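This report concerns only the one structure given below.
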Amino acid sequence: MNLNDTPEEAAFRAEARAWIAANRYDERTMETLKGLAGNGAPLPSAELWALAKDWNARKYDAGYAVLTWPKAFGGRDAPNLAAIFAEEEGPLARFQGYLVITQFMCAATLMAFASSEQKAALLPRIARADDIWCQMFSEPAAGSDLAAVRTRAERVEGGWRVNGQKVWTSGAHMAGWGTLLARTDPTTPKHKGLTMFFLRMDSPGVRVRPIELMSGEAEFNEIFFDDVFIPDAQRLGEVGAGWKAAVVTLNSERMAIGAMLDVDSAALLDLACETGAITRADVRQTLADWIIKERGLRACVARQLTAISEGRAPGPEAATIKLVGGVMIEDMAAYALDLIDGEGLALRPGRDPRRVYRDMFYFGPAQRAAGGSDEVLKNVLAERVLGLPMEDRPDNRLPFNEVPTAPRG
Amino acid sequence: MRLSFSSDHQGLREEFEHVFAAEATSARARAGASSPEGWDRALWRQLSELGWLGVTASEAHGGLGQDPLALCLIAEAFGQRLAAIPFLGAALGFADALLTIGDRSLSDALAPGVVAGEVIGALAIPEHFTALDIDDGHASGACPALMDAAATTHILTLAGAGSDAQLILLDVTAAHRERIDSLDRVNLAWAVTFDRAPSRTLARGETASDLWRTLRARYATFMSFVQIGAASAALDMARDHVIQRYAFGRPLGSFQAVKHELADVLAAIEIARSNAWFAAAALNEGGSALAQAGAAARVSATDAHRLAARANVHLHGGLGVTAESDAHLHYRRAQALGLVIGPSSVWRERLIAELVAARAVAPAAPQLPRTGS
Ligand SMILES: Cc1cc2nc3c(=O)[nH]c(=O)nc-3n(C[C@H](O)[C@H](O)[C@H](O)COP(=O)(O)OP(=O)(O)OC[C@H]3O[C@@H](n4cnc5c(N)ncnc54)[C@H](O)[C@@H]3O)c2cc1C
């Protein structure tokens, strides 16, 4: 129990602070990045991606990228140092969000299943973010029920031929590579007929179409596969063991944690003070509740980091953080828009710092769905932590091609 | 920042649990509370003989000489059981206050009695007195409802405000106590009145109020561990019930509505636990971080405990609302513990007041409400 840095951490913090001060962008760019999602004159998405890659490359060249990676792959296996670096980065820390799928999800799968030559060729480029990767799991008929993917991979000479469709794939429009979960055997129960692959996104037959979000941005995509060839050497894990590989990807949060917690009750307190609403007793009570919850979330992250650094498996913290944090973003956004009253209805032209609440308003629902929805997380907590019985599910027993689907037509 | 308890601390907790779990059954708690004395003096003696009433007291005073982090985990283990003993006020709040006040003659005089279970202290917030007149080493007054007061021999409180504030210690051994209809049916509240009880002023003015704030935040931290323990006990009871009870041909716990209600409780407990651990670290370090941390721990522990206790009653169906089931004992306790050192609204206001005061810019002038409300 210690609220302060260890001597090693304090030394790292000082070193990181000095390096960041010497290497960060000019004041104008830094100002634009404040609350990234919420800046009043948002940079075009392509520019933000370019900055995210550039900042990561600077970090990599100085030894500060992928601090959570295992040492064998060039990391420091130090989630605590990554968290400290992010604290010191300030607004620049938001760039990590662009690279989570590349550096944590996809990289974890490669670390576990790729050949040593593949790892040697691909991981350093991932660590420097020279390559962006995407994760092609979800489909129109497979989201929460991920094991229901239908994109079909069939054996052909030297590899596999892939046909089907993926959807909600974050960053695919920027990605050079991606991991793909596909069905290789539709005649066995759903979890058993899956296989994991990776491929270049410019492979012939791959078509990426951005999907516009409610915010107007287009950060995720649908992807069509039309007789796409994947060499068998780009299979990750055994044939039929794709579910296991997917679980490795989904559990790679060990490397991702500390990276982001998108609640900011301090900003809401600022707003309440600026508008004068802070003199209202009801506002004070509500804000105090959020501040308390946010403190709880941050301490929860610290507990998780501590558990990892002590070599223990973290408990229910990760699911708790996402479950509680997601709903909070929605609640706080709605409350903030109410607080600014009539002005919540429309943004002023140009740079409006209040855009941040609008962005939270858009981001909350995405956060509650992506990477395991609230309901799925509650099932995880109830079944895996509390030990409540699973629901009886016929789909686990039946061959996949006999599992009932929604009526057509 | 590191938030974890050492294996030594956990080992000590397990030792305590080993003894306490065997003795502190709900049947015994009910019997103790409904006995003529209204509490379980035998269990109290047992714990004192094993040293558990003096976890942080020095070995010279007969205590175990442990740090406050150990006491946090013992508090959580205490919270997990129902027991009609004044552990909360005496072994947590008062025992810790004696150490924190740091007055050698005071602790030499009282700490050995605390460890022996004969000095049974309580921290009472000023709001819980309907009258308190102090003059010349004596005090007269009344507390219409004080938890565990059947056994209480000493009360620590803050009287007056500003430059008139005094931190006082009342000897209420001879006070009059009256059984009342207590919300909590295990740790009963009693009406206490005292006439010219011996009173000692431990500090005055700003020193007294500062000290009181510290004692209160420390007590809130220990209490948040008790509440988390109690919340987990209610959650466990609910979980065990929904796993073994069948309806519609399957366990209740396999229905998603039930799962999700309990998952929400679990998440609330994890947030509360995180806040409590942070507060424990702040308390152990002794810096100024405790004021906010203690308030946060207090509010989220109260939320989690009440949510857990309500879910437990609800998921027991008809059984949950009976006197026979323990569910109502948890439900009552969750409400009562949330009140002992002031309700959450007060703690939230303390937190926000500190944060607003700490802001560089003063808040804008009050404005008239712009919306309908
Ligand atoms: C911003 C964003 C980025 C994403 N990025 C990626 C990506 O990069 N790669 C990728 O593969 N996927 C990605 N996804 C997809 C994401 O994983 C899915 O959206 C998510 O798993 C939910 O699946 P679904 O959209 O099919 O909704 P559904 O599964 O159809 O769920 C709809 C609703 O039903 C509820 N529900 C579903 N099943 C149950 C159940 N058993 N019990 C109770 N309620 C249930 C859900 O909680 C939800 O509220 C992204 C999603 C978002 C929002």
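Quick grid of which residues meet (1) surrounded by 23 or more Cβ atoms within 10 Å (Cβ to Cβ); (2) under 24 Å from residue A:244 (Cα atoms); (3) modelled with pLDDT of 95 or more:
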| residue | (1), (2), (3) |
| --- | --- |
| A:74 | no, no, no |
| A:77 | no, yes, no |
| A:82 | yes, no, no |
| A:87 | no, no, no |
| A:91 | no, no, no |
| A:96 | yes, no, no |
| A:102 | yes, yes, yes |
| A:106 | yes, yes, yes |
| A:116 | no, yes, yes |
Study note, to complete from the structure: Among the residues of region B:318-358, the number that are among the aliphatic types (A, V, I, L, M) and buried (at least 20 other Cβ atoms within 10 Å of the Cβ) is 8
Review point. Do the conditions hold for residue A:302, that is, is it within 14 Å of chain B (Cβ to nearest Cβ), more than 13 Å from the ligand (Cβ to nearest atom), open to solvent by less than 20 Å² (accessible area, probe 1.4 Å) and of a type in the set (Gly, Ala, Ser)?
Key: yes
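For region A:306-409, give me every one of the helices (runs of 4 or more DSSP H) that falls completely inside it and has 3 or more residues that are farther than 28 Å from residue B:281 by Cβ and either in contact with a Phe, Trp or Tyr (Cβ under 6 Å, 6 or more places away or on another chain) or polar (S, T, N, Q) (or both). Give the steps one after another, and end with the answer.
Values: elements: A:317-339, A:355-369, A:374-380.
Passing ranges, in order: A:317-339.
What residue, among those in region A:276-290 that are in a helix (DSSP H, G or I) and more than 7 Å from chain B (Cβ to nearest Cβ), is nearest to the chain's Cα centre (by Cα)? Please lay out each step first, then the result.
Of the residues in region A:276-290, the ones in a helix (DSSP H, G or I) are A:277-279, A:281-290.
Okay, now just the ones that are also more than 7 Å from chain B (Cβ to nearest Cβ), so A:277, A:281-283, A:286, A:290.
Values: A:277: 35, A:281: 37, A:282: 35, A:283: 32, A:286: 29, A:290: 23 Å.
Once the filter is applied, the top-ranked residue is A:290.
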Review point. Got a number for residues in region A:291-349 being more than 19 Å from the chain's Cα centre (by Cα) and either hydroxyl-bearing (Ser, Thr, Tyr) or closer than 18 Å to residue B:303 by Cα (or both)?
Key: 11
Study note, to complete from the structure: Here the qualifying pairs (Cβ atoms under 6 Å; residues six or more apart or on different chains; first in region B:217-243 and more than 11 Å from chain A (Cβ to nearest Cβ); second among the acidic types (Asp, Glu) and open to solvent by less than 10 Å² (accessible area, probe 1.4 Å)) come out as B:218/B:96
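Residue A:96: within 26 Å of residue A:314 (Cα to Cα), within 16 Å of the ligand (Cβ to nearest atom) and touching a strand residue (DSSP E or B) at 6+ places or on another chain (Cβ under 9 Å), yes or no? Show your work before the answer.
Working: within 26 Å of residue A:314 (Cα to Cα): yes; within 16 Å of the ligand (Cβ to nearest atom): yes; touching a strand residue (DSSP E or B) at 6+ places or on another chain (Cβ under 9 Å): no.
Here the answer is no, as residue A:96 does not meet what is asked.
Only one of A:250, A:297, A:268 is within 24 Å of residue A:95 (Cα to Cα) and open to solvent by 10 Å² or more (accessible area, probe 1.4 Å); which? So that I can check it myself, show each step before the final result.
Values: A:297 fails: open to solvent by 10 Å² or more (accessible area, probe 1.4 Å); A:268 fails: open to solvent by 10 Å² or more (accessible area, probe 1.4 Å).
Criteria check complete, one pass: A:250.
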Exercise for review: Might you check whether a residue that is more than 9 Å from chain A (Cβ to nearest Cβ), in a helix (DSSP H, G or I) and open to solvent by 10 Å² or more (accessible area, probe 1.4 Å) occurs anywhere in region B:269-291?
Suggested key: yes
Study note, to complete from the structure: Checked against (1) within 30 Å of residue A:80 (Cβ to Cβ); (2) at pLDDT below 95; (3) under 26 Å from the mean Cα position of the chain (by Cα), residue A:269 satisfies every condition except (3)
Practice item. Report yes if residue B:264 is closer than 14 Å to residue A:385 by Cβ, open to solvent by 10 Å² or more (accessible area, probe 1.4 Å) and in contact with a Lys or Arg (Cβ under 8 Å, 6 or more places away or on another chain), otherwise no. Key: yes
Check your understanding: Is region B:188-208 home to any residue that is touching an Asp or Glu at 6+ places or on another chain (Cβ under 7 Å), crowded, with 18+ Cβ neighbours inside 10 Å, away from chain A (no Cβ under 14 Å) and part of a helix (DSSP H, G or I)?
Key -> no
Check your understanding: Does region A:360-409 hold any residues that are open to solvent by 80 Å² or more (accessible area, probe 1.4 Å), within 13 Å of the ligand (Cβ to nearest atom) and without any contact (Cβ under 8 Å) to a residue 40 or more places away in the chain, and which are they?
Key -> A:390, A:392, A:393
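Tell me, please, whether a residue that is at pLDDT below 90 and facing another protein chain (nearest Cβ under 9 Å) can be found in region A:377-393. Working first, answer last.
At the first step, the residues of region A:377-393 found to be at pLDDT below 90 are A:391-393.
After this cut, where a residue has to be facing another protein chain (nearest Cβ under 9 Å) as well, the list is A:391-392.
Yes, the conditions are met somewhere in region A:377-393.
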Check your understanding: Among (1) away from the ligand (no atom under 16 Å from the Cβ); (2) closer than 23 Å to residue A:265 by Cα; (3) away from chain B (no Cβ under 14 Å), where does residue A:335 come up short?
Key -> (3)
Point to revise | Those residues of region B:245-255 which are open to solvent by 70 Å² or more (accessible area, probe 1.4 Å) and of a type outside the set (A, V, I, L, M, F, W, C), in sequence order | key: B:245, B:246, B:249
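Report whether or not residue A:135 is near the ligand (Cβ under 7 Å from one of its atoms), at pLDDT 95 or above and of a type in the set (S, T, N, Q).
On the way: near the ligand (Cβ under 7 Å from one of its atoms): yes; at pLDDT 95 or above: yes; of a type in the set (S, T, N, Q): yes.
Judged against the criteria, residue A:135 is a match.
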Study note, to complete from the structure: Of the conditions (1) more than 10 Å from chain B (Cβ to nearest Cβ); (2) touching a residue at least 40 places away in the same chain (Cβ under 8 Å); (3) open to solvent by 20 Å² or more (accessible area, probe 1.4 Å), the single one that residue A:316 does not satisfy is (1)
Practice item. Having 3 or more residues that are within 15 Å of the ligand (Cβ to nearest atom) and touching a residue at least 40 places away in the same chain (Cβ under 8 Å) is the bar; report the strands (runs of 3 or more DSSP E) wholly within region A:146-257 that clear it. Key: A:159-170, A:177-183, A:194-200, A:220-231
Check your understanding: Given the conditions (1) closer than 24 Å to residue A:218 by Cα; (2) within 16 Å of the ligand (Cβ to nearest atom), which single one is not true for residue A:108?
Key -> (1)
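Within region B:301-317, count every residue that is touching a residue at least 60 places away in the same chain (Cβ under 8 Å) and open to solvent by 10 Å² or more (accessible area, probe 1.4 Å). Even if it seems obvious, please write down each step before you answer.
Filtering region B:301-317 for residues touching a residue at least 60 places away in the same chain (Cβ under 8 Å) gives B:301-302, B:304-305, B:307-309, B:311-312, B:315-316.
Next, from what is left, pick out any that are open to solvent by 10 Å² or more (accessible area, probe 1.4 Å): B:307, B:315-316.
Looking only at that region, the number is 3.
The values are calculated or read from the model by the stated rules, or taken from the named source; none is laboratory data. Please read all numbers here as calculations on a predicted model, not as lab measurements. Cβ sites come from the backbone with ideal geometry, for glycine too, and all protein chains shown count toward neighbours. What goes into the accessible areas is simple: the full protein's heavy atoms, side chains included, and nothing from ligands, DNA or RNA. Shrake-Rupley method; radii C 1.70, N 1.55, O 1.52, S 1.80 Å.
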